[in-house]
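Here the structure is laid out as structure tokens; the discussion comes afterwards.
Values quoted throughout were computed directly from the atomic coordinates according to the rules given, and no laboratory measurement underlies them. This structure is a prediction, so every number in the text was calculated from the model and none was measured. FYI the Cβ positions are ideal-geometry reconstructions off the backbone, even for glycines, and counts take in every protein chain you see.
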There are 4 protein chains.
Amino acid sequence: MKRMKVKNELARQIMGEILGTFVLLLFGCAAAAQVKTSRETKGQFLSGNIAFSVGVMSAMYLCRAVSGAHLNPAVSLSFCVLGDLAWIKLLPYSLAQILGAYLASGLVYLIYHDAIMEFSGGVLTVFGPNETASIFATYPTDVVSVQTNFLDQVVGTAMLMLCILPLNDKRNAPAPEALLPPIVATVVLGISISMSANCGAAINPARDLGPRLFTFTAGWGTEVFTCYDYFFWIPLVAPMVGGVLGSIIYLVFIQWHLPELEDESESGEMNDQTKVMEHNNKKDEIYLKMSSI
Amino acid sequence: MKRMKVKNELARQIMGEILGTFVLLLFGCAAAAQVKTSRETKGQFLSGNIAFSVGVMSAMYLCRAVSGAHLNPAVSLSFCVLGDLAWIKLLPYSLAQILGAYLASGLVYLIYHDAIMEFSGGVLTVFGPNETASIFATYPTDVVSVQTNFLDQVVGTAMLMLCILPLNDKRNAPAPEALLPPIVATVVLGISISMSANCGAAINPARDLGPRLFTFTAGWGTEVFTCYDYFFWIPLVAPMVGGVLGSIIYLVFIQWHLPELEDESESGEMNDQTKVMEHNNKKDEIYLKMSSI
Amino acid sequence: MKRMKVKNELARQIMGEILGTFVLLLFGCAAAAQVKTSRETKGQFLSGNIAFSVGVMSAMYLCRAVSGAHLNPAVSLSFCVLGDLAWIKLLPYSLAQILGAYLASGLVYLIYHDAIMEFSGGVLTVFGPNETASIFATYPTDVVSVQTNFLDQVVGTAMLMLCILPLNDKRNAPAPEALLPPIVATVVLGISISMSANCGAAINPARDLGPRLFTFTAGWGTEVFTCYDYFFWIPLVAPMVGGVLGSIIYLVFIQWHLPELEDESESGEMNDQTKVMEHNNKKDEIYLKMSSI
Amino acid sequence: MKRMKVKNELARQIMGEILGTFVLLLFGCAAAAQVKTSRETKGQFLSGNIAFSVGVMSAMYLCRAVSGAHLNPAVSLSFCVLGDLAWIKLLPYSLAQILGAYLASGLVYLIYHDAIMEFSGGVLTVFGPNETASIFATYPTDVVSVQTNFLDQVVGTAMLMLCILPLNDKRNAPAPEALLPPIVATVVLGISISMSANCGAAINPARDLGPRLFTFTAGWGTEVFTCYDYFFWIPLVAPMVGGVLGSIIYLVFIQWHLPELEDESESGEMNDQTKVMEHNNKKDEIYLKMSSI
């Protein structure tokens, strides 16, 4: 099979991001379709939150060794700002993520086509009790102003970056590398049960634009873009701002002040805090060794 | 007790699969019975999803050292295709799984016999508000076409294989071996809350056929097979297609392009310490690559 | 503080079991009181299930280094049968567990005294829409026969032992030692969402008798014992039978056929299966080492 | 960036506690706002419990390497009593936690401003069906006496300390260091689903006073302090009592009787390899002791 191996690293990464975002959205939008079309008899609001969370976990295990499993242009941009992703890769990553989300939306539509037709009476709309557009993209509630929705998406995405950056920071007290996916997934669950009332907690331009483009091409019409006073730009722009903001908050308030790693400082001295943590880590290691004997 | 040890490996594996699938279905069908017969006062739709998930976890810890804990003919078939299970074992594994599911259904019927009689008025039927067949096997909703149900089961099982194969792939960034059961269980939870609205997310021929055979023999009659235009063949055939399809997608889009493990490409002998050091080096590489997560 | 150390091992173990079972029941019965007295506005049926599960986890971390964290006479009896607990300790362990459960019930009554009085109109009863006895002990539903309830408790407790014995069996593929508490807790959650419709999933004589004795002494009267045709003996006797039965099933169908551990067999030869698992374990260890650096 | 590093350890710790408590309350209060203002259509009571739990996990990963992630004056006081925090730091820690909670409440108010205005009809009140004060601080139910509420908060916080102290006690059977945050979060979930019916399970003076001060300054008026007969002092004082009480119970009933760690009782020097071996031996002992779990 070695002949089939894709030699170009960026091409592999793009494949990884397409497939990863595809898995994320397939879980998430399928659950939204199940809850909506079953009129909450086969799941409730929480189901959709859990499904996006499981989607994050599954997508991360699937593609993080290949592409880093960003699954989100706001995450990719943040990593560009942090110096962990080449700027040249930001656009390809983002397009790959949007494509993966678009394809997943299409498949969800195929699977739930009959149920959506039954639920909507065959009329694909954005408004009213039989609307089905919200299965795919996010839409705001009526009472919320554009400024509030923008702030909501900035804060939600800032929380995402603020909470996941320490998980993998070796100078902090990180989570086990092999268990990052379920822990990141839990953070996403927390955001979606606490910050989705205003406008659906997209916190991810690809998660929103991909499905919106799909509904645009599949019969929901231009209203998916024009509705709610052209709301669609908010989940595109605000998460980019929020992701960078959250990353900066992490750097300024936490990361800059953490002790240097030994092999970075190259001097043999450690303060007590570091010693204690290293001691604890060694203990952990021994425990886990024990447990797998 | 050594005299009692079953010498034949296949016999041990069959025992493992029977008992594992028995545990899976006992949790799952008992929860379905609890929710149904209590008219959702002692649990809701989500309870059944969680119970199947806990069942997967428990069954995997129980028998994965013995038989690999496939618990599902679609998984066994996929491992045959992947070269991880001898083709000669596919039929025995599948029959063992169906038998375990049948036995679990029988025990659930015994435990919930009184409640089922009370709920159904003593008439065991497949249709109507007092139907109880859906406690055991899966049935579609009225509005969904046969093609959609087939696609639904293909996609659900493909997602299962696509999401669990990376978890144990040493060339990818796998989950901790000792924690595979709860993580696989979480994937199954995700599938059952997002893809069960159409026809119940069997994604497992044994999980469906075993209980259906039980209801056939226990008084629900031939209708369990004939209803919904002979729907029963879909959860038998579609998961087999989907499992293989998902496995192939994983291979083609991810696995072929992952870096080779050193000890696969080299045949020289190393002592353990050297191996550990080399592994650490490799992990460092992967770590650096993944530092963009 | 060394002067205060309790020298007698059994005395320490009894203290551990009292406190552990106290924690388990405090979580569980307090959640039941919260759901019941708030008339399901502050939690639902699932809340009680989750609370017992968290109680198991917390109690195990608290006292497993001291007493093994049995928390359940059926578990203690099973370990006696398996040779892991001296028979002479069975009665002290069981009495300690009942005492811990009794004390926790008393504290729950104190905390929720006002709410229980408001809910019940001041009349502490076992029957009717304002009954509050089921906050503490378990009671069956009307339609279920004594045989079915007995079977229900046998099966539930058998599932408990069958599912937790492999978790710590070094010859099987066990869970990480340091994560046994949340995984055992998940098994208990599974049992309580799938096998509690008939008679409340006590699966633990101490969990049932301790609270029942408390309600007897606190004003609910003799009816807590006489109701439902002296139902109270079922959660006392059936779990003892079920625990031993589940343990035997694990031994006969799984444990006897697992490969010997190297240092038990003392011969240098391993079959392939064992080798692969050792390899996997070493990998795991390296991963977890990496993650905590 | 080294020039930016805050040299003063206490200043860094205060920054950590502010940010950590900010994250905790942002998740928790935002979820409460979502459930309340959506009239339970976008989440239920359980959502708020889960959100506080995810907040604990996220905040702990964020700041535990910096400040220990107390996030709660009752926890800080307990650690002072246990000798793990200098008494001089108790007040700065507590003020930092209150400030973080205050700031998070302000941001939640900004995000949910429109929804709160819609829900409340523009009148910010503590009482009635359109009250919104309970989004932020905790309030009791009508029927519960002051003594019961005090006891409730003492017990809840005692359970918190009793259940989290063993998780990190090397002489006990602790959880993996790198997984403490999700496990502590699970304990908090357990407390909030079982002991929040009386007065909201603050179990944390900062979690309650910060938001209460915010509502006082943001337009809810003095009633937030005077209502329910000056209830506000209970979640300030009772958790301090409860935290210390729970810690003492852990010491007296469990910790004093655990075996000494070797490297505490010995002062000789060992190389690392020897230490690891000794630890393994000790773990083996513990393993054997725990083999009865």
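Over 18 Å apart: what share of the alpha carbon pairs of segment C:140-250 falls there, rounded to a whole percent?
Summing the P(r) of segment C:140-250 above 18 Å gives 54 percent of all pairs.
Between A:TYR230 and D:ARG39, what's the calculated FRET efficiency when r is the beta-carbon distance and R0 is 35 Å? Round to 0.05.
0.80
Considering only the label points, 7 Å along Cα→Cβ from Cα, what distances in nm to one decimal separate D:VAL146 from the same position in each other copy, shortest first?
5.3, 5.3, 7.5
Report, in whole Å, the centroid distance computed from the Cα atoms of segment B:229-259 and segment C:91-135.
Cα centroid to Cα centroid, the span is 52 Å.
Measure off 7 Å from each Cα along the Cα-to-Cβ vector at D:GLN147 and A:ALA86, then give the distance between these two points in nanometres to one decimal.
About 7.4 nm separates the two model spin labels.
Which of the helices in chain D meet the span-like rule: DSSP H, Cα axial reach of 30 Å or more, Kyte-Doolittle mean at least 0.5?
D:9-37, D:45-67, D:90-111
If exposed trypsin sites (Lys or Arg not before Pro) are those in a DSSP loop with at most 14 other Cβ within 10 Å, what is the longest stretch of chain D that has none?
Answer from the scan: D:40-293.
Please report, for D:ALA11, the nm distances (one decimal) from its label point, 7 Å out from Cα along the beta-carbon direction, to the equivalent points in the remaining copies, shortest first.
5.3, 5.3, 7.5
Among the chymotrypsin sites (Phe, Trp or Tyr not before Pro) within segment C:115-220, which fall in a DSSP loop and have no more than 16 other Cβ atoms within 10 Å of their own Cβ?
Here the chymotrypsin sites (Phe, Trp or Tyr not before Pro) that fit, given the DSSP loop and packing criteria, are C:PHE127.
How much net charge surrounds C:LEU90 when only other residues with a Cβ under 14 Å from its Cβ are counted (Lys, Arg +1; Asp, Glu -1)?
-1
No solvent, one uniform scatterer per C-alpha: report log10 I(q)/I(0) for segment B:2-258 via the Debye equation at q = 0.15, 0.16 1/Å, two decimals.
The Cα Debye sum returns log10 ratios of -1.04, -1.18.
At a threshold of 8 angstrom on Cα-Cα distance, excluding pairs fewer than six apart, so keeping six or more, what relative contact order does chain B reach in percent?
After rounding, I find 23 percent.
Count, for each residue of C:12-19, the Cβ atoms from other chains sitting within 10 Å of its Cβ, then give me the mean as a whole number.
Counting Cβ atoms of other protein chains within 10 Å of each residue's Cβ and averaging gives 3.
How big is the convex hull of the Cα atoms of segment C:18-83, per residue, in Å³?
81 Å³
Between their Cα atoms, which of B:LYS42/D:LYS42; D:LYS89/D:LYS170; B:LYS42/C:LYS36; C:LYS42/D:LYS42; A:LYS36/D:LYS42 are more than 18 Å away from each other?
B:LYS42/D:LYS42; D:LYS89/D:LYS170
If you rank C:ILE50, A:ILE116 by fewest surrounding Cβ atoms within 10 Å, what's the result?
Final ranking by Cβ density, sparse to dense: A:ILE116, C:ILE50.
Could you compute the FRET efficiency for D:LEU110 and D:SER134, with r as their C-beta to C-beta distance and R0 at 25 Å, rounded to 0.05?
About 0.85, to the nearest 0.05.
Compute a Gaussian network model of chain C, connecting alpha carbons closer than 10 Å, and tell me which residue from C:PRO259, C:PRO73, C:PRO239 fluctuates the most.
C:PRO259
Within segment C:210-266, report the GluC sites (Glu not before Pro) that DSSP leaves as loop and that have at most 15 other Cβ atoms within 10 Å.
Loop-located and lightly packed - C:GLU260, C:GLU266.
Which residue, D:PRO181, D:PRO211, D:PRO129, has the most motion in a Gaussian network model of chain D that connects Cα atoms within less than 10 Å?
D:PRO129
Calculate the length of the line joining the C-alpha centroid of segment A:8-82 to that of segment B:180-222, in whole Å.
24 Å
Which distances in nm, rounded to one decimal and ordered from shortest, link the label point of C:GLU118 to the equivalent label points in the other identical copies, with labels set 7 Å from Cα toward Cβ?
From this label point to the equivalent ones elsewhere in the assembly: 3.0, 3.0, 4.3 nm.
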